[in-house]
Amino acid sequence: MDIISKSLAQLVQEVPGITAVFSQFGLSYCWNGSQTLKQAMENTKLKENDVLEAIAQLTVTSDRMNEWRKMDNKELITHLMDRYHQVHRVQLEELFRLACRVESVHHEHVKCPIGLANHLKHFFIELEKHMLNEETVLFPRLMQDPLSVTPDHIVTMKQEHELCLEAINKIDDITEGVITPKGACNTWTALYLGLRTFKDDLASHIQLENEILYRGEIT
Ligand SMILES: [Fe+2]
Ligand SMILES: [Fe+2]
């Protein structure tokens, strides 16, 4: 199937790193994931060639994924914990602080993301539980005795990843696609910039785990 005939959600599953391109062009794969790429480009009046060229550049990122496929579990897990788990903890604390500030100061603004701070608070609690479970149970087993990891463990991890993606969808709903409104103050701008970075980081984190770390554990 031609790439522009595929849905945004399908492309997120199939093309490593494509979420960064969608973010760059303001295409919401969480909000409008069932749209084909062609429909999404028409709706946003983007130039097809610009988007397709950016997607073509992702070969470099695909090469990086192939590099990770050659690494052993220990190297990959060290990378996941340093680059994503620890980074998410810093991101989440700061995003919650910024969301509280924006909701408190701009609650009368028509675009104010009412409920964002509360959603982030609950999302972060669930994500922290998921990461701790990986760090204390799954990762040590995958490094020391991969055969002790059962298919049920992996299914549970992947189900929790799906819940993370649903929580991201809700962030998109509350913020109308994390589009910074005109005239937004510095705090609001920083909040949405941070949310977009967090979304991309989380998507890359989940992609590495689903496609590489947990790929061979279910028969
Ligand atoms: Fe993880
Ligand atoms: Fe995970």
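The values are calculated or read from the model by the stated rules, or taken from the named source; none is laboratory data. Since the model is a prediction, treat every value here as computed from it, not as a measurement. No Cβ is skipped: glycine too gets one built from the backbone with ideal geometry, and neighbour counts run over all protein chains shown. All accessible areas refer to the heavy atoms of the entire protein, side chains included, with ligands and DNA or RNA removed. Shrake-Rupley method; radii C 1.70, N 1.55, O 1.52, S 1.80 Å.
Condition first: in the same structural domain as residue 78 (by TED's automatic domain parsing) and more than 16 Å from ligand 1 (Cβ to nearest atom). Can you find one or more residues in the range 199-215 that meet it?
no
Within the range 136-146, count every residue that is without any contact (Cβ under 8 Å) to a residue 40 or more places away in the chain and either among the basic types (Lys, Arg) or within 14 Å of ligand 1 (Cβ to nearest atom) (or both).
5
Residues checked against (1) within 16 Å of ligand 2 (Cβ to nearest atom); (2) open to solvent by 90 Å² or more (accessible area, probe 1.4 Å); (3) touching an Asp or Glu at 6+ places or on another chain (Cβ under 6 Å):
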{"site": "35", "(1), (2), (3)": "no, no, no"}
{"site": "46", "(1), (2), (3)": "no, no, no"}
{"site": "49", "(1), (2), (3)": "no, yes, no"}
{"site": "53", "(1), (2), (3)": "no, yes, no"}
{"site": "65", "(1), (2), (3)": "no, no, no"}
{"site": "91", "(1), (2), (3)": "yes, no, no"}
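Scan the range 64-86 and give yes if some residue there is out of contact with any Pro (no Cβ under 7 Å at 6 or more places or on another chain) and under 28 Å from residue 181 (Cβ atoms), otherwise no.
no
Tell me yes or no: at least one residue of the range 92-114 is in the same structural domain as residue 139 (by TED's automatic domain parsing) and within 18 Å of residue 132 (Cα to Cα).
yes
Return the pairs, sorted by first residue and then second, in which the second residue is open to solvent by 10 Å² or more (accessible area, probe 1.4 Å) and within 11 Å of ligand 2 (Cβ to nearest atom), the first residue lies in the range 120-131 and is assigned to a helix (DSSP H, G or I), the beta carbons are less than 6 Å apart, and the residues are 6+ apart or on different chains.
Cβ pairs passing all conditions: 130/160.
Per-residue answers, yes or no, for (1) under 24 Å from residue 125 (Cβ atoms); (2) within 20 Å of the chain's Cα centre (by Cα); (3) in a helix (DSSP H, G or I); (4) not acidic (Asp, Glu):
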| site | (1), (2), (3), (4) |
| --- | --- |
| 32 | no, yes, no, yes |
| 41 | no, no, yes, yes |
| 55 | no, yes, yes, yes |
| 78 | no, yes, yes, yes |
| 89 | yes, yes, yes, yes |
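Residue check: is residue 108 under 21 Å from residue 179 (Cβ atoms), open to solvent by 90 Å² or more (accessible area, probe 1.4 Å) and more than 16 Å from ligand 1 (Cβ to nearest atom)?
When the stated conditions are applied, residue 108 passes them.
Quick check on my filter: what residues within the range 118-135 are more than 13 Å from ligand 1 (Cβ to nearest atom) and open to solvent by less than 80 Å² (accessible area, probe 1.4 Å)? If you could, list the steps in order and put the result at the bottom.
Taking the range 118-135 as the starting set, the residues that turn out to be more than 13 Å from ligand 1 (Cβ to nearest atom) are 118-125.
Residues satisfying the conditions are 119, 120, 123, 124.
Can you tell me which residue is nearest to ligand 2 (Cβ to nearest atom) among those in the range 180-210 that are buried (at least 16 other Cβ atoms within 10 Å of the Cβ) and not in a helix (DSSP H, G or I)?
Only one residue fits best here, namely 180.
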